[in-house]
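The values are calculated or read from the model by the stated rules, or taken from the named source; none is laboratory data. All figures in this text were calculated on a predicted structure; none of them were measured in a lab. Quick reminder, even Gly has a Cβ in these numbers, built from the backbone with ideal geometry, and neighbours come from all protein chains shown.
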Amino acid sequence: MSQREAYRLIGRSDGRTILDRLLVADRFWSRFVGLQFRRPLPIDSGLLIVPCPAIHTFFVRFALDLIWVDRKGTVTEIRRNVAPSRLASGPSGTFAVVETACGATTVEVGESLVVEPMGPSRELPRSLTFMRR
């Protein structure tokens, strides 16, 4: 996971906070490892994997809700309660996925999302510019 800093996931249209803490996996190793062997996510947290048209939940010890987004940050599909040891792929045009704890998903298909830095840096890394305001 990117240890640069944590982010918030925000609804573009209404500015509401969807996830208070969003970690980012935007490099080969962080995307490969993802949430394997970790403890369950807190309800207000998630992991954004980018780029990522498909995931697996092998070695993930808990079920996940998945939010698939395209290159504009628009939600294209939501899958709830994806059990461990499963494969899941997003619809055509998927660019990234947000993995959250089951029950944390409060977005709808078609909603546009943005990522906002929480730390001192107000710049998004290049990998996240598709989800800026």
Look at A83 and say whether it is buried (at least 18 other Cβ atoms within 10 Å of the Cβ) and farther than 27 Å from R126 by Cβ.
no
Flagged pairs (Cβ under 9 angstrom, 6 or more apart or on separate chains; first in the stretch 77-97, hydrophobic (A, V, I, L, M, F, W, C); second assigned to a strand (DSSP E or B) and exposed (fewer than 14 other Cβ atoms within 10 Å of the Cβ)) are L87/A54; A88/A54; V97/A54
For V60, work out the one condition from (1) among the β-branched types (V, I, T); (2) within 18 Å of I10 (Cβ to Cβ); (3) touching a Lys or Arg at 6+ places or on another chain (Cβ under 8 Å) it doesn't fulfil.
(2)
Return yes or no: is E99 crowded, with 17+ Cβ neighbours inside 10 Å, within 20 Å of L64 (Cβ to Cβ) and within 13 Å of the chain's Cα centre (by Cα)?
yes
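Yes/no matrix, rows are residues, columns are (1) in contact with a Gly (Cβ under 9 Å, 6 or more places away or on another chain); (2) not acidic (D, E):
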| position | (1), (2) |
| --- | --- |
| S30 | no, yes |
| L47 | yes, yes |
| V50 | no, yes |
| V75 | yes, yes |
| E108 | no, no |
Looking at (1) at pLDDT below 95; (2) in a strand (DSSP E or B), can you tell me which one S30 breaks?
(2)
Hey, does the stretch 45-66 have a residue that's closer than 23 Å to A6 by Cβ and polar (S, T, N, Q)?
yes
Which one of these is of a type in the set (G, A, S), surrounded by fewer than 19 Cβ atoms within 10 Å (Cβ to Cβ), closer than 18 Å to F130 by Cα and modelled with pLDDT of 95 or more: G90, G15, G11?
G11
Check off (1) touching a residue at least 40 places away in the same chain (Cβ under 8 Å); (2) in contact with a Cys (Cβ under 8 Å, 6 or more places away or on another chain); (3) surrounded by fewer than 21 Cβ atoms within 10 Å (Cβ to Cβ); (4) within 15 Å of V107 (Cα to Cα) for D65 and give me the number that stays unchecked.
(3)
Looking only at strands (runs of 3 or more DSSP E) that lie completely in the stretch 50-133, which have at least 3 residues being farther than 19 Å from T17 by Cβ and out of contact with any Pro (no Cβ under 7 Å at 6 or more places or on another chain)?
54-56, 75-82
